[in-house]
Amino acid sequence: MNKKGRVFSGARPTGRQHLGNYLGAIRNYIALQEEYHCVYCIVDLHALTTLDQFGELRANTAEMVLDWLAAGIRPEETIVFVQSHVPQVTELHTILSMFTPLGKLTDLPTFKEKARMHPHNINYGLVGYPVLMTADIALYKSDVVPVGIDQESHLEFAREVVRSFNYRVGKAVLIEPQMKTTDYPKVLGTDGQQKMSKSLDNHIEMALTAEETVRRVMTMVTDPQRTHRNIPGRPEVCNVFTLHHTFTPAAEVDEIERDCRSAALGCVDCKRRLAQGINQHLAPFRERRAALASNPQHVWDVLSDGATRARRIADETMREVREAIGLP
Ligand code: SF4
């Protein structure tokens with residue numbers, strides 16, 4: 001099949017992935033493989049800007065890639081690699097930083113937000129983060145970058161830097177990437193309030209055992225007005241019900257909605273059914289993950305092969321960039 005071009009996406013090495021990662025990103029990564037040549041990068045250098053637990057990077061990378069592979073990322077066709085394994089990205093970052101006004105970086109809402117969250121560690125890397133992100137995209141000659149609606153400004157920034165570079169050197173050396181806006185679902189955590197996140201400890205990992213999944217699902221907050229089993233519930237405000245839409249067959253979801261509203265179904269049973277649905281849905285994934293994990297070297301072999309293929313593209317780009325700006 002003729003593919004439409006190259007997609008690039010980067011993700012921080014956050015370790016074992018949870019349902020929020022799965023529904024919000026991984027499923028999209030898998031689907032994009034059908035239409036595009038995909039380059040998926042574990043952005044460990046980006047992670048350094050705010051990370052203080054350096055010792056976790058390696059294990060987090062391995063766990064995350066295991067989840068990706070078991071979920072359906074195909075490394076035979078998709079390039080999966082670690083950002084720092086292709087050091088050309090830091091060279092392009094330096095070069096592109098000369099084409100980026102400092103005021104533009106410090107004005108970005110994302111920088112202000114990060115500075116607010118890490119007031120004692122506003123380092124240079126944090127300011128230059130979007131330039132490194134632009135270097136990632138440009139280095140691998142990416143045509144398309146999938147972005148959530150709230151991330152469009154990041155990509156617009158990258159496009160501006162690329163345009164500025166191309167304008168200054170007088171030719172289209174770097175590809176101006178197109179946005180593929182995707183409406184990533186916001187998956188709430190077990191608290192039913194905030195986005196699912198490891199740091200908030202409101203997450204449900206994909207790789208949990210069936211029993212661990214039941215325990216975790218049982219902690220989920222439901223409709224706060226349903227303080228007694230006999231009080232009818234409101235599925236529209238309940239995160240358990242939202243997840244049923246993904247993990248439970250449609251006909252059963254209708255029944256759950258009806259029985260919740262009439263109080264025929266209690267929250268404990270409803271959660272048990274959700275846990276069962278999650279376990280059924282993820283059973284093939286968990287089986288593949290266990291098989292892959294039995295050979296810990298496999299992940300690193302995949303990443304090494306990915307880096308070799310990524311480096312080939314990076315070398316070509318850097319040759320063109322150096323020539324365009326006249327580096328001797
Ligand atoms: Fe939520 Fe299910 Fe309880 Fe209704 S029965 S409030 S959908 S957990």
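The values are calculated or read from the model by the stated rules, or taken from the named source; none is laboratory data. Note that the coordinates shown come from a computational prediction; the quantities given were computed from them, not determined experimentally. Virtual Cβ from ideal backbone geometry, glycine too; neighbours counted across all protein chains shown. Ligands, DNA and RNA are stripped out before the accessible areas are found, and what is left, the full protein with its side chains, is counted by its heavy atoms. Shrake-Rupley method; radii C 1.70, N 1.55, O 1.52, S 1.80 Å.
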At a 1.4 Å probe, what is the % contribution of carbon and sulfur to the accessible area of the range 119-172?
55
Suppose all protein chains stay in the model; what accessible area per residue would a 1.4 Å probe give for the range 210-290, in Å²?
55
Stokes-Einstein D for the range 126-167, Kirkwood Rh over Cα pairs, 10 °C, 1.306 mPa s (µm²/s):
149
The range 244-308 and the range 35-74: distance between their alpha carbon centers, rounded to Å
21
For the range 212-324, what's the relative contact order in percent, using C-alpha pairs closer than 8 Å and at least 6 residues apart?
25
Placing +1 on each Lys and Arg Cβ and -1 on each Asp and Glu Cβ in the range 210-290, then taking the dipole about the Cα centre, the residue among M218, H281, G266 whose Cα reaches farthest towards the positive end is M218
Global size of the range 57-101 as Cα Rg and Dmax, reported in angstrom
14.7, 42
Given 25 °C, 0.890 mPa s and a Kirkwood radius over Cα pairs, the Stokes-Einstein diffusion coefficient of the chain in µm²/s is 114
If R0 is 22 Å, what FRET efficiency do you get for R261 and M218 from their C-beta distance, rounded to 0.05?
0.50
Quick calc, the chain, dipole around Cα centre from Cβ unit charges on Lys, Arg (+) and Asp, Glu (-), nearest 20 debye, gives 220
What is the local net charge at I95, summed over the other residues whose Cβ is closer than 14 Å to its Cβ (Lys, Arg +1; Asp, Glu -1)?
-1
Gyration tensor (Cα) of the range 210-290, equivalent ellipsoid semi-axes in angstrom
24, 13, 9
For the chain, give me the percentage of DSSP beta bridges that are antiparallel, rounded to the nearest 5 percent.
10
Search the structure for amide H atoms under 5 Å from the amide H of K180, placed 1.01 Å from N in the peptide plane, and list their residues when 5 or more places away or on another chain.
V145, V147
Quick one: accessible surface of T181, probe radius 1.4 Å, all protein chains present, in square angstrom to the nearest 10.
70
Loop-only check: which trypsin sites (Lys or Arg not before Pro) in the range 109-193 are DSSP coil with at most 15 other Cβ within 10 angstrom?
K171, K186
Any lysines whose Cα falls less than 24 Å from that of K195, other than same-chain ones fewer than 8 residues away, would be K112, K114, K180, K186, K271
Fraction of accessible area attributable to carbon and sulfur, the range 210-290 (%, probe 1.4 Å):
53
Give the long-range amide H neighbours of L188: residues separated by 5 or more places, or on another chain, with amide H under 5 Å away, using H modelled in the peptide plane at 1.01 Å from N.
M196
Of T134, T308, T190, which has the largest mean-square fluctuation in a 10 Å C-alpha GNM of the chain?
T308
